[in-house]
Amino acid sequence: MSEQGVRVALEPPFWGPQIWEPPMEEVHAHLERMSLLVGRWGFKQGNLSEGEYRRILEGEAQGHYKRIRAENLERKLFVPRAAVAWLKAKPEGDRLWVFPHEGGEPVGLDFPRQQIRERLCIPDFFVEGGDAAGFLTVTVGNEGAARWMEELQDEGRYQEYFFWNGYAAEYADAVAEWTHRKMLEFLGGKQGARFGPGYPSCPDTTLSRWIWRWTRAERIGVELTDSNMLVPEMSTCALVAAQPWARVFNVMA
């Protein structure tokens with residue numbers, strides 16, 4: 001929103017799709033370490049004292065993280081790739097019209113509206129007269145990584161598989177965060193919000209198919225199943241609403 005209170009459409013640095021190769025070390029800076037250690041690896045405090053828990057986090061848990069991170073950097077098992085696109089879009093009530101870069105008829109994306117509080121809906125985060133919508137597909141999966149994970153299971157190294165699987169999932173989220181920020185560098189940094197298909201504010205998983213198509217994600221080795229699941233597994237996609245008033249919200253509250 002400008003100083004006069006007028007909402008201004010965004011003008012991104014490019015239109016259409018691009019392929020990016022995020023530097024591995026830059027991506028690591030966006031990895032949520034506590035989400036990995038506690039959420040994915042299960043290092044929870046439980047009945048432990050604060051001191052005992054801190055020692056485990058800083059010792060065993062941190063040790064696994066440093067080891068796997070170093071091995072991944074050295075062997076380049078899970079390598080980040082990103083397919084992004086900026087497309088023209090126009091909101092209309094609970095629908096966002098997206099205009100494919102290659103031309104043709106616009107695609108109408110429908111979203112649920114919050115039933116109480118501010119009654120938010122994703123199209124609210126775009127300028128009425130027309131705006132820019134961002135789309136991203138990212139992955140850290142590849143054939144080499146898949147073979148490595150299969151070897152761990154075949155050899156019965158289930159704990160190691162568990163650590164690597166959790167790490168790769170969190171690393172994919174870090175790639176999405178890096179890509180989100182990179183897309184918005186022209187605005188001076190991260191703002192707005194991104195919405196992944198299948199979440200409450202964006203429940204229609206067929207959106208994955210459109211994002212996959214618009215970002216041309218097959219060029220980074222990502223395919224789509226008949227049920228709109230991204231392959232390889234450690235992949236994710238999202239719609240980016242870049243206006244400063246855009247934010248993640250709970251559609252049920």
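What follows is calculated from the coordinates using simple rules that are stated; it is not laboratory data. Since this is a predicted model, take the numbers as computed values, not measurements. For neighbour counting, all protein chains shown are included, and Cβ atoms are generated from backbone atoms with ideal geometry for every residue, glycine included.
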Can you tell me which aspartates and glutamates have their Cα less than 18 Å from the Cα of residue 190? Leave out same-chain residues fewer than eight positions away. 11, 26, 32, 131, 173, 177
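Evaluate E = 1/(1 + (r/R0)^6) for residue 67 and residue 143, where r is the Cβ-Cβ distance and R0 equals 25 Å; express this FRET efficiency to the nearest 0.05. Spell out each step's value before the answer.
Numbers: r = 23 Å, r/R0 = 0.94.
So, using R0 = 25 Å, E works out to roughly 0.60.
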Ordering of 118-129, 230-241, 101-112, 209-220 by packing [mean C-beta count within 10 Å, highest first]: 230-241, 209-220, 118-129, 101-112
Among the lysines, which fall within straight-line cross-link reach of residue 76, defined as a Cα-Cα distance under 16 Å, with same-chain neighbours fewer than 8 residues apart omitted? 66
When the chain is treated as a GNM, springs tying every alpha-carbon pair under 10 Å, which of 195, 186, 163 comes out with the largest mean-square fluctuation? 186
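What number, in percent, do you get for the relative contact order of segment 16-241 if the mean sequence gap of Cα pairs under 8 Å and at least 6 apart is divided by its residue count? The partial results should precede the final answer.
Details: 377 pairs, mean separation 58.9, N = 226.
Over segment 16-241, the number comes to 26 percent.
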Put +1 on the Cβ of each Lys and Arg and -1 on the Cβ of each Asp and Glu in the chain; which of 91, 149, 106 then has its Cα farthest toward the positive end of the dipole? 91
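Assigning unit charges at the beta carbon (Lys, Arg +1; Asp, Glu -1) and nothing else, what dipole magnitude in debye, to the nearest 20, does segment 1-132 show about its Cα centre? Can you show the working numbers first?
Working: 18 positive and 21 negative charges, 118 e Å.
In debye, rounded to 20, segment 1-132 gives about 560.
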On Cα atoms only, tilt of 206-215 relative to the major axis of the chain in degrees: 90 degrees
Give me 65, 167 sorted ascending by neighbouring Cβ count inside 10 Å, so fewest comes first. 65, 167
Which of (1) -0.74, -0.81, -0.88, -1.10; (2) -0.58, -0.69, -0.82, -1.24; (3) -0.66, -0.77, -0.88, -1.18 is the computed log10 I(q)/I(0) by the Debye sum over Cα atoms at q = 0.11, 0.12, 0.13, 0.16 Å⁻¹ for the structure on display? (3)
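To make sure I understand, if each residue's beta carbon is the centre and we count other beta carbons within 10 Å, what order do 68, 116 fall in, fewest to most? Show your work: numbers first, answer last.
Numbers: 68 20, 116 8.
Sorted ascending by nearby Cβ count, the order is 116, 68.
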Estimated 222 nm signal from helices in the chain, with DSSP H stretches of n ≥ 4 weighted -39500 (n - 2.57), rounded to 500: -9000 deg cm²/dmol
Counting other beta carbons within 10 Å of each residue's own, what order do 84, 138 fall into, fewest first? 84, 138
Which residues among segment 217-251 fall inside the zone where the amide N is under 19 Å from a point 7 Å beyond the Cα of residue 116, along Cα→Cβ? 249-251
Where in segment 212-253 does the label zone of residue 150 land, with the point 7 angstrom along Cα→C-beta and an amide N cut-off under 15 Å? 232-233
In degrees rounded to 10, the 0-90 angle between helix 143-154 Cα long axis and the longest Cα principal axis of the chain is 40 degrees
Please report how far the C-alpha centroid of segment 47-125 lies from that of segment 145-195, rounded to the nearest whole angstrom. 10 Å
Compute the helix-to-body angle for 158-183: its Cα long axis versus the longest principal axis of the chain, expressed 0 to 90° and rounded to tens. 30 degrees
